[in-house]
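What follows is a short report on a single structure.
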Amino acid sequence: MKEMFEGMINPWNKIIRNLSTGSEINGGRGWPYDSYKQEKNISPEKYTVSTIRGIIKTDNPTENNDYRVIMEWMSDPEVARHLRAPIHPISLKDFEAIPEALRKIDRYYYNRSRTDENGNIIYDKPEKITPLIAVNSLEEPIATLVIRWKGNPLVGSKKIEEQDKDKRNIASIENIIVEPKLQSKHVGTVLMAAALDVVFYRYKGYKEKIGADLVRLWIFTDPPAGDYSKNINLVRQLGFDSIGSDKGGTWREYAAARGMSDARDGQQYELTKERWEEMKREDAELEHPRLVLPLGIINEESLRIPHLSNGIA
Ligand SMILES: CC(C)(COP(=O)(O)OP(=O)(O)OC[C@H]1O[C@@H](n2cnc3c(N)ncnc32)[C@H](O)[C@@H]1OP(=O)(O)O)[C@@H](O)C(=O)NCCC(=O)NCCS
């Protein structure tokens, strides 16, 4: 009887989820989104962010615990559908594929994106990205994202700076992932708020001033992305606005302009420093602010930020 009931419920959930794709109308609080993943009675210490740090480096990438955890998240189809991740999902029982996936993840987190025909790394600019990991009080990684400085995930800084007539410093955020079982518990909001503080107030890599003027990110909006309303709700509640297609805000135009053969549909969002300050001011007046984080939650020594520290990673 129980199985029969579940069999009846599940297709219905799917239909509702499809209907709700991209919808912002219920403010993201509704049933039945991804509820199959949620374990009951998860203790708050599991999903409360206690520190935000950099990647902990190991001599051998295949022994890196951060990478192993991230590989598992990137291999979850419900996560992968939203990302342009450095690896395709792999079976966690495929012991032969795992070491190569971990090496690819290492190359990505150190921004070593290109190799020559002999396999030698020819593009190695770790200082252009700052990965963040949110951990709970048990020191378990529960979420991650990458900040890319001066430009877009796929394009070198000069091009972007030339394009921006106001000469603003533009950072971008990519590959945001919350541990699948701990989603919709505000972990993503806290990690993003920390990233935005780093972007606007902490980064000392720009020549003229501290922090970026603007941050951008992409959200995939095509059928393979499935229900992306959570992504839109996340960025909107942080103050991001979508960039119109007249300004190259859709992935197709963006990819076409750069000669990339990438057929996905995606929408670009941006947030200025002024808007972020406004959001934080409003949030500070709430009883339980989420965007104004406790001092010290970001372990700055561990971040890979030029001129600020040597960092763990
Ligand atoms: C998208 C993602 C990073 C969000 O992180 P999260 O911790 O799950 O999100 P939060 O709990 O902080 O929720 C942020 C807002 O999203 C909305 N939201 C939360 N859960 C939602 C749900 N199940 N359905 C729709 N909207 C939801 C809410 O507006 C929420 O804010 P509120 O509760 O204060 O109103 C996370 O779900 C994730 O890793 N998804 C898979 C990978 C991915 O999509 N990456 C992002 C690419 S842009």
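Which condition does residue 251 not pass, out of (1) at pLDDT below 95; (2) crowded, with 18+ Cβ neighbours inside 10 Å; (3) more than 13 Å from the ligand (Cβ to nearest atom), if it passes all the others? Evaluating residue 251 over (1) at pLDDT below 95; (2) crowded, with 18+ Cβ neighbours inside 10 Å; (3) more than 13 Å from the ligand (Cβ to nearest atom) leaves (3) as the failure. Among (1) part of a helix (DSSP H, G or I); (2) away from the ligand (no atom under 15 Å from the Cβ); (3) among the hydrophobic types (A, V, I, L, M, F, W, C); (4) touching a helix residue (DSSP H, G or I) at 6+ places or on another chain (Cβ under 8 Å), where does residue 256 come up short? Checking residue 256 against (1) part of a helix (DSSP H, G or I); (2) away from the ligand (no atom under 15 Å from the Cβ); (3) among the hydrophobic types (A, V, I, L, M, F, W, C); (4) touching a helix residue (DSSP H, G or I) at 6+ places or on another chain (Cβ under 8 Å), the one that fails is (4). Examine the range 286-308 for a residue that is more than 10 Å from the ligand (Cβ to nearest atom), free of Cβ contacts under 8 Å to residues at least 40 places away in the same chain, surrounded by 13 or more Cβ atoms within 10 Å (Cβ to Cβ) and more than 22 Å from the chain's Cα centre (by Cα), and state whether such a residue exists. The answer is no; no qualifying residue exists.
Does residue 271 meet the test of being modelled with pLDDT of 95 or more, away from the ligand (no atom under 11 Å from the Cβ) and outside any helix (DSSP H, G or I)? Judged against the criteria, residue 271 is a match.
Taking the range 266-285 as the region of interest, how many residues are surrounded by 14 or more Cβ atoms within 10 Å (Cβ to Cβ) and free of Cβ contacts under 8 Å to residues at least 12 places away in the same chain? It would help to see each step written out before you state the result.
First pass over the range 266-285, keeping only residues surrounded by 14 or more Cβ atoms within 10 Å (Cβ to Cβ): 266-273, 275-276, 279-280, 283.
So of that shortlist, the ones also free of Cβ contacts under 8 Å to residues at least 12 places away in the same chain come out as 283.
Within the range 266-285, residues that are surrounded by 14 or more Cβ atoms within 10 Å (Cβ to Cβ) and free of Cβ contacts under 8 Å to residues at least 12 places away in the same chain number 1.
Can you spot a residue in the range 237-245 that is in a helix (DSSP H, G or I), within 20 Å of the chain's Cα centre (by Cα), modelled with pLDDT under 95 and not hydrophobic (A, V, I, L, M, F, W, C)? Scanning the range 237-245, I find no residue that is in a helix (DSSP H, G or I), within 20 Å of the chain's Cα centre (by Cα), modelled with pLDDT under 95 and not hydrophobic (A, V, I, L, M, F, W, C), so the answer is no.
Look at the range 172-200: where a residue is farther than 17 Å from residue 288 by Cα and near the ligand (Cβ under 6 Å from one of its atoms) and a partner is at pLDDT below 95 and not in a helix (DSSP H, G or I), sitting 6+ places away or on another chain with Cβ atoms under 7 Å, you get 183/34. Please determine whether any residue of the range 224-236 is more than 14 Å from the ligand (Cβ to nearest atom), under 18 Å from the mean Cα position of the chain (by Cα) and either among the acidic types (Asp, Glu) or closer than 17 Å to residue 192 by Cα (or both). No - not one qualifying residue is present in the range 224-236.
Residues that are of a type in the set (Lys, Arg) and touching an Asp or Glu at 6+ places or on another chain (Cβ under 8 Å) are absent from the range 116-137 altogether. The residues in the range 216-236 that are part of a strand (DSSP E or B), of a type in the set (A, V, I, L, M) and in contact (Cβ under 8 Å) with a residue 60 or more places away in the chain can be counted, and the count is 1. The number of residues in the range 16-63 that are closer than 20 Å to residue 188 by Cα, modelled with pLDDT of 85 or more and more than 21 Å from the chain's Cα centre (by Cα) comes to 5. Output yes when any residue across the range 143-158 is at pLDDT below 80, basic (Lys, Arg) and out of contact with any Cys (no Cβ under 8 Å at 6 or more places or on another chain), and no when none is. Yes, that holds for at least one residue.
Applying the condition of being within 16 Å of the ligand (Cβ to nearest atom) and over 13 Å from the mean Cα position of the chain (by Cα) to the range 82-104 and asking which residue is farthest from residue 223 (Cα to Cα) yields 87. If you go through the range 227-248 and keep only what is of a type in the set (Gly, Ala, Ser), surrounded by fewer than 19 Cβ atoms within 10 Å (Cβ to Cβ) and touching a helix residue (DSSP H, G or I) at 6+ places or on another chain (Cβ under 8 Å), you end up with 245, 248.
The values are calculated or read from the model by the stated rules, or taken from the named source; none is laboratory data. Since this is a predicted model, take the numbers as computed values, not measurements. Don't worry about glycine lacking a Cβ; one is built from the backbone with ideal geometry, like all the others, and counts go over all protein chains shown.
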